[in-house]
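Notes for the one structure printed next.
The numbers here are math on the coordinates, done by the rules we state, and not lab data. Predicted, not measured: the structure shown is a model, and the values here were computed from it. In this analysis, Cβ positions are derived from the backbone assuming ideal geometry, glycine residues included, and neighbour counts consider all displayed protein chains.
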Amino acid sequence: MNPQFSHKKSRLLYNQSIRCLPGGVNSPVRAFKAVGEIPVFIGRAKGAYLYDVDGNKYIDYVGSWGPAILGHSHPQVVKKVQAAAVKGLSFGAATELELILARLIKKAFSSIKKLRLVNSGTEATMSAVRLARAYTGKAKIVKFNGCYHGHGDSFLIKAGSGSATFGVPDSAGISPNVVKDTISLPFNNPDEVIKIFKRKGREIAALIVEPVAGNMGLVLPESGFLKTLREVTQHYKALLIFDEVITGFRICFGGAQHIYQITPDITCLGKIVGGGLPIGAYGGKEEIMELISPQGPVYQAGTLSGNPLATTAGIANLKILSQSNKIYKQLNITTKALCEEIKEIAVRRNMSLNLSQLGSMFTLFFSKKKVTNYQEARKCNLKMFARYFRVMLSEGIYLPPSQFETNFVSMAHTKRDVAKTLEAADKALRLLKRK
Ligand code: KE4
């Protein structure tokens, strides 16, 4: 752990948590296994900063894996949630809040004519695939190696994020019957997509993709790739599902589909839409969404779906984001400045690294070559990444604890935070060079 930081209480809590929780955590990537550390236990967060239970302060580039685009505990969001809480934590009944949030989402995503709120990104993608199978009457789905769509059985085939971190391309416990209906292809390889649809198009219900991949590290779609996906799915009457759980409201208000001008049939959202509280959403064309119960035969439900606190936080978050494009411009400027400087340091330190950046997302790949897919991402020097992570942590910089994740910059990150981050990166790369 960090030589200058005490981690006494984190260690104590970890030793107790592992007796109650598998790996001491409630989501695998938080276990810090890929970076050879015990997890830091966080006590509170404010703006761009996390404070662990030992009182150490970190500049945070995880941002709760995406939701904290405005910075942690944004005062306007917190105030709204506090006011909502005294009115009741959950009703299990329809509320106006769900309507307000649904309208805000529809305003941002013209492809979404009707949507359903759920409690996580996983629920959104699972439901979207069930819906696609019902709508098309076909069973197979196509995904991409290194893309992560949550822990639904159909997706844990060569998935990204935590499962890539653990080098467990296929999770245990997945029925062979499920595996046979999932086809996983290399990202950014349109020929493979065309080939598989030529062979199996009649059986393919949907193709699900992170239009900008964030779970093998940040990997951007190469020119024409998304357009091919749209054309092929159209031709073979399969649905195109954009998993924008990360990119929705992150890279711009209208997500990757706005940036790349591709209209999917279904869009999955999460994270920012709930302002940090549990949420997911899926939506698309009216004729597709009307199959969802109680309007149609596709059953999907949730005790806490559209929960008054999550919808309040989401509405507050999206209202601030919708007020001005300046927010996204500022996020881009801050992130670009940070990334350009890190690249400079790497050159100065004669380190061959590859940095991928889009909007307020970036990944520093410990790879000599540009990373365009999962196979290339897995060739990164993971040991070097782990050493880099540990030095940065000891310098008070909290990065995603895996090479196969994306860093997130928030509106709360200041020029001083960027300068401190760069100092730490320079020290970390210097130390790496020495070894
Ligand atoms: P959740 O079920 O974790 O809310 O969302 C699943 C999901 C779906 N789609 C995409 C593109 C996602 O990135 C995610 C979840 N993201 C990971 C981090 N890359 C969550 C972190 C974790 O698993 O602890």
Report task. Compute the FRET efficiency between S324 and R199 as 1/(1 + (r/R0)^6), taking r as their Cβ-Cβ distance and R0 = 51 Å, and round to the nearest 0.05. Result -> 0.60
Query raised in the report: What FRET efficiency comes out for the pair Q76/K227, r = Cβ-Cβ distance, R0 = 35 Å, nearest 0.05?
Result: 0.35
Query raised in the report: Relative contact order, percent, of the range 75-322 when contacts are C-alpha pairs under 8 Å separated by at least 6 residues?
Result: 30
Report task. Only residues of the range 275-311 count here: report those whose backbone N is under 16 Å from the spot 7 Å along Cα→Cβ of K114, or say none. Result -> 282-301
Query raised in the report: What length, rounded to one decimal in nm, is gained on full extension from S171 through to R19, with 0.36 nm per residue of separation minus their alpha-carbon distance?
Result: 52.4 nm
**Report entry** Average silhouette area of the chain, convex hull of alpha-carbon atoms, in square nanometres
**Finding:** 20.2
Report summary line: The extension gain from S293 to N26, computed as 0.36 nm times the residue separation minus the Cα-Cα distance, is 93.1 nm
Query - For the range 59-99 and the range 188-251, distance of Cα centres in Å - result: 31
Query raised in the report: Listed here are the pairs K158/K237; K114/K271; K200/K379; K285/K370; K336/K368; K80/K285; which of them are more than 27 Å apart at the Cα?
Result: K200/K379; K285/K370; K80/K285
Query raised in the report: Given springs between every Cα pair under 10 Å in a Gaussian network model of the chain, which of P297, P186, P67 has the largest fluctuation?
Result: P297
Report summary line: Output row, site K9, 7 Å Cα→C-beta label point, backbone N cut-off 13 Å, window the range 53-90, residues 53-57
Report summary line: Once normalised by the length of the chain, the mean sequence separation of its alpha carbon contacts under 8 Å that are 6 or more apart gives a contact order in percent of 23
Query raised in the report: Which distance in nm do the two modelled labels at Q234 and K87 give, with both placed 7 Å along the Cα-to-Cβ direction?
Result: 4.3
Report summary line: With DSSP loop assignment and no more than 15 other C-beta atoms within 10 Å, the chymotrypsin sites (Phe, Trp or Tyr not before Pro) in the range 46-103 are F91
Requested in this report: Using a Förster distance of 41 angstrom, determine the FRET efficiency expected from the C-beta separation of T303 and I333, and round it to 0.05.
Outcome: 0.45
Query raised in the report: Which whole-angstrom value gives the distance between the alpha carbon centres of the range 296-370 and the range 103-132?
Result: 20
Report summary line: The distance between the Cα centres of the range 382-407 and the range 3-26, in whole Å, is 18
Query raised in the report: So for V86, V219, V81, V347, fewest C-beta neighbours within 10 Å to most, what's the order?
Result: V86, V347, V81, V219
**Report entry** Fraction of antiparallel bridges per DSSP, the chain only, in percent to nearest 5
**Finding:** 60
Report task. For K370 and K433, calculate 0.36 nm times their separation in residues minus their Cα-Cα distance, and state this gained length in nm to one decimal. Result -> 20.7 nm
Report summary line: Cα-based Debye curve of the range 75-322 sampled at q = 0.07, 0.13, 0.17 Å⁻¹ gives log₁₀ I(q)/I(0) of -0.22, -0.77, -1.28
Query raised in the report: If we count other beta carbons within 10 Å of each Cβ, what is the order of Y282, Y374, Y328, fewest first?
Result: Y328, Y374, Y282
